[in-house]
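None of the figures in this text is laboratory data; all of them are computed from the coordinates on show. None of the values given here were measured: they were computed from a predicted structure. Methodologically, a virtual Cβ is constructed for each residue, glycine included, from the backbone with ideal geometry; neighbour enumeration extends over all protein chains shown.
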Amino acid sequence: MENVLLVYATMSGNTEAMADLIEKGLTEAGANVDRHEAMDIDADVLNDYSHIILGAYTWGDGDLPDDFMDLYEDMEELDLTGKSFAVFGSGDTSYDHFCGAVDVIEEKVKELGGEMILPSVKIEFNPEGDEEEQLISFGKQFVQIHQQQVG
Ligand SMILES: Cc1cc2nc3c(=O)[nH]c(=O)nc-3n(C[C@H](O)[C@H](O)[C@H](O)COP(=O)(O)O)c2cc1C
C-alpha cells in the first residue's frame, strides 16, 4: 500500500492525541504514514496520495478552526475522485454543534469526489479508555478496507 497521508489541526493537543492513536493503528496494520499539521502543508500535497485521513478540532459555533482553513479553501481546486478518506476530530458536547468541523470536512471531501471509507470519529476532549482502542481500530480498518479492495 502507498503511504497514508495523515493531516490534522490541534490547538490544545486533543486532536493530536487522536492522531497518535490512529497512526499507531495504521502502522500496526502495516502502513507507512506521512503526518503533518494542516497549517504546514499546501492542498496540492493531497494530489500525491490515494489514502488520506483528515482531522480537526471544532471552533466558533461548529466551525473549522483557522489552522485548517487555508487547506480547506485551497482543496476547492482539487479533484478527489478515486481517493479514499476518513475524518476525525475532537470537540465538546456542551456546544450546539458537537464536532461540527468533522461534518464540514466530510461534506467537502464528498463534494470534491472523495470516497469516505469509514464513518467519521468524533471524541469529546482527549481520547480515554475505550476511545483509545476505537481510534487504533479506526487506523487499522482504514488499511484493512484497502487491502480487501485490492484483494
Ligand atoms: C472558542 C471555542 C469554541 C468552540 N466551539 C466548539 C463547537 O462549536 N463544537 C465543539 O464540538 N467543540 C467546540 N469547542 C471545543 C474544542 O473543539 C475542544 O476543546 C477540542 O477538544 C479542542 O481540541 P484540540 O485539543 O485538538 O485543540 C470550542 C472551543 C473553544 C475554545
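Charge dipole of the chain (Cα centre as origin; +1 on each Lys and Arg Cβ, -1 on each Asp and Glu Cβ, all else neutral): 720 debye, rounded to the nearest 20.
Checking every one of the GluC sites (Glu not before Pro) in segment 33-123 against DSSP loop status and a limit of 16 other Cβ atoms within 10 Å picks out Glu76, Glu77.
The residue list Gly100, Val150, Gly113 was ranked by how far each Cα lies along the charge dipole of the chain toward its positive end, using unit charges on Cβ atoms, and Val150 comes out on top. Look at the Cα gyration tensor of the chain: its axes a ≥ b ≥ c give a/c of at least 1.5 with a/b at or below b/c, and that counts as oblate.
In the elastic network of the chain, a GNM with C-alpha springs shorter than 10 Å, the most mobile of Thr58, Thr81, Thr15 is Thr81. Measuring against 21 Å, Cα to Cα, the residue pairs Lys24/Lys108; Lys83/Lys140; Lys83/Lys110 contain Lys24/Lys108 as the ones spanning a longer distance.
Projected label points at Glu76 and Asn32, each 7 Å from Cα along the beta carbon direction, are separated by 3.5 nanometres.
Distance between the 7 Å Cα→Cβ label points at Lys24 and Asp44: 3.7 nm.
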